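Notes to accompany the following structure.
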Number of protein chains: 2
Amino acid sequence: MIMITITKISNNELKKILRLFLETAPDIYMPGLSVDTVIFGFHNDKLKVLLSSVGDPPSFGLPGGFVRKDEDLDDAALRILQERTGFENIYLEQFYTSGKKDRSNEKMMKELIEKVIGKTSEINWFRQRFVSVCYYALIDDTKVKPSAEIIFGEFKWFDINRVPKLIFDHNFILKKALATLRYDLNEKLVGFNLMSETFTMNELQKLYEAVYQEKFIRTNFQRKMLSLGVLERLEKHYNGKAHKAPYLYRFVNAK
Amino acid sequence: MIMITITKISNNELKKILRLFLETAPDIYMPGLSVDTVIFGFHNDKLKVLLSSVGDPPSFGLPGGFVRKDEDLDDAALRILQERTGFENIYLEQFYTSGKKDRSNEKMMKELIEKVIGKTSEINWFRQRFVSVCYYALIDDTKVKPSAEIIFGEFKWFDINRVPKLIFDHNFILKKALATLRYDLNEKLVGFNLMSETFTMNELQKLYEAVYQEKFIRTNFQRKMLSLGVLERLEKHYNGKAHKAPYLYRFVNAK
């Protein structure tokens, strides 16, 4: 993990950075196309989502960016996540492209930028309509630490039930991402790489309960999980308290 | 269903239409953004896909088009399908956005256009890189009839096992669409509206076998379908041959 720490920079420096961005953006990036990422975090039975804040009072949004003209879309998503948060080797899954004509507009963009650098009329790049290709990931949020970032200053994990109003249509995108995560969880379970090498059925149930935000009945849950055919039950490890120890499982293709 | 029949037009007329399109496109459409549709057809136990052909010898591709600047993305997909094929009231599902940097390029575009109108240097609009948002649908292909279309002249249903080499990355998009259809079939089964009001388990099995291109064992298939909780078994309709008649089912929420 690379962590870049950037000390607070002045408003003038911010303006310079933004001006440079606006001048060069049309040559560098695909017009009208953005990428947004929904990074879910799971740890200690809780599901969270990573948001960044702009300005004071803060506006919150999903980490996002633009696609270089000479770059594959999927590569852009990984680069943006890396540049914005410092995260590397995250498995991002494309899940939706958001394209309502009024999902972002000049006024929203202007307000957001003026929150950071104050009054400005130089926002040409942001005058256009953006269609946003969205990616999601589910990670153990204790294993990564978002680094500071120049414009969207601070990153914070939010409990999935305590997400504030977000910029543009980011609440809608987050809702879509959560629905996709739930829809995909059985299939992507092994790939998400969230469980330790061996785990109990109860630990697995906690993950499902956090993602679905609902309680499951233990016996039903166990039956359903075993029917997926991805779990292997290990021999109980006999020690003094063996008769109380729960069975351990591991993923079949993780041998 | 609206069916527009267009009689063969001359090369000169085609050139005029294309020139007009190229002149106005930058004002009308979002830059660098296209939509492609994968329309699967099911009937008589066969899965097919709708392709259009250009030129002679023909190049085959998926029906597609561009997104108007003042139009929601999902609306664009419906409009494009309607304009290209005459299909209306088709439930389109967005499933993927294809964005490799080399998925289309000027040379490919030029070749394709010159197939239709002959040598030309006027292809500015097509010089840019396009990211394509892709939608799919599964319909009963006897209930619709694609109408003729000006540039991409003829539409034809192809058996899913006999798809030729397609333009750009359309074979890849089709493969993604088929994988999505298989992944989604259980969940979307009712919505696809493919079965008659009542149907036998055998009829349902034929649909699954066509989509998955594999044979299933009757008893396993029946058990799996019943476990989905979307089927209701109806009373047998007693007539002379009642003891031989198979059970009829209907979808639970279709009451």
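The values are calculated or read from the model by the stated rules, or taken from the named source; none is laboratory data. The shown structure was predicted, so the numbers you read here are calculated from the model rather than taken from an experiment. Neighbour counts run over all protein chains shown; Cβ positions are idealised from the backbone, glycine included. Each accessible area value is taken on the protein alone, full model and side chains, heavy atoms only, with ligands, DNA and RNA left out. Shrake-Rupley method; radii C 1.70, N 1.55, O 1.52, S 1.80 Å.
Considering A:PHE172, A:PHE158, A:PHE168, which residue is touching a residue at least 40 places away in the same chain (Cβ under 8 Å) and buried (at least 18 other Cβ atoms within 10 Å of the Cβ)?
The match here is A:PHE168.
Check the stretch A:98-105 and report whether any residue there is surrounded by fewer than 16 Cβ atoms within 10 Å (Cβ to Cβ) and not charged (D, E, K, R).
Checking the stretch A:98-105: at least one residue is surrounded by fewer than 16 Cβ atoms within 10 Å (Cβ to Cβ) and not charged (D, E, K, R).
Which ones in the stretch B:180-203 are in a helix (DSSP H, G or I), open to solvent by 60 Å² or more (accessible area, probe 1.4 Å) and free of Cβ contacts under 8 Å to residues at least 40 places away in the same chain?
Residues satisfying the conditions are B:ARG182, B:TYR183, B:GLU187, B:GLU203.
Each row is one residue, and each column tells you yes or no for (1) open to solvent by 50 Å² or more (accessible area, probe 1.4 Å); (2) in contact (Cβ under 8 Å) with a residue 60 or more places away in the chain; (3) away from chain B (no Cβ under 14 Å); (4) farther than 30 Å from A:TYR91 by Cβ.
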{"residue": "A:ILE17", "(1), (2), (3), (4)": "yes, yes, yes, yes"}
{"residue": "A:LEU20", "(1), (2), (3), (4)": "yes, no, yes, yes"}
{"residue": "A:ASP27", "(1), (2), (3), (4)": "yes, no, no, yes"}
{"residue": "A:ASP45", "(1), (2), (3), (4)": "yes, yes, yes, no"}
{"residue": "A:VAL49", "(1), (2), (3), (4)": "no, yes, yes, no"}
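If you go through the stretch B:66-87 one residue at a time, how many are more than 13 Å from chain A (Cβ to nearest Cβ) and open to solvent by 80 Å² or more (accessible area, probe 1.4 Å)?
Count: 1.
How many residues, within the stretch A:99-135, are more than 14 Å from chain B (Cβ to nearest Cβ) and touching a Phe, Trp or Tyr at 6+ places or on another chain (Cβ under 8 Å)? Steps first, answer last, please.
Kept after step one, since they are more than 14 Å from chain B (Cβ to nearest Cβ), are these residues of the stretch A:99-135: A:107-124, A:126.
Those left that are additionally touching a Phe, Trp or Tyr at 6+ places or on another chain (Cβ under 8 Å): A:108-110, A:113.
Residues meeting the conditions: 4.
Suppose the filter is open to solvent by less than 70 Å² (accessible area, probe 1.4 Å) and more than 14 Å from chain B (Cβ to nearest Cβ); does A:ILE90 pass it?
Yes.
Here is a yes/no grid of residues against (1) part of a loop (DSSP other than H, G, I, E, B); (2) under 14 Å from the mean Cα position of the chain (by Cα); (3) on the phi > 0 side of the Ramachandran plot; (4) of a type in the set (Asp, Glu):
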position: B:ARG84; (1), (2), (3), (4): no, yes, no, no
position: B:ASN89; (1), (2), (3), (4): yes, yes, yes, no
position: B:ARG103; (1), (2), (3), (4): yes, no, no, no
position: B:TRP125; (1), (2), (3), (4): no, no, no, no
position: B:VAL133; (1), (2), (3), (4): no, yes, no, no
position: B:PRO146; (1), (2), (3), (4): yes, yes, no, no
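Mind listing whichever residues of the stretch B:29-43 are aromatic (Phe, Trp, Tyr) and open to solvent by 10 Å² or more (accessible area, probe 1.4 Å)?
Filtering the stretch B:29-43 down to residues aromatic (Phe, Trp, Tyr) leaves B:29, B:40, B:42.
If the condition is that a residue be aromatic (Phe, Trp, Tyr) and open to solvent by 10 Å² or more (accessible area, probe 1.4 Å), then B:TYR29, B:PHE42 are the ones that fit.
Restricting attention to the stretch A:139-160, which residues are at pLDDT 95 or above and closer than 30 Å to A:LEU228 by Cα?
Matches in the stretch A:139-160: A:ASP159, A:ILE160.
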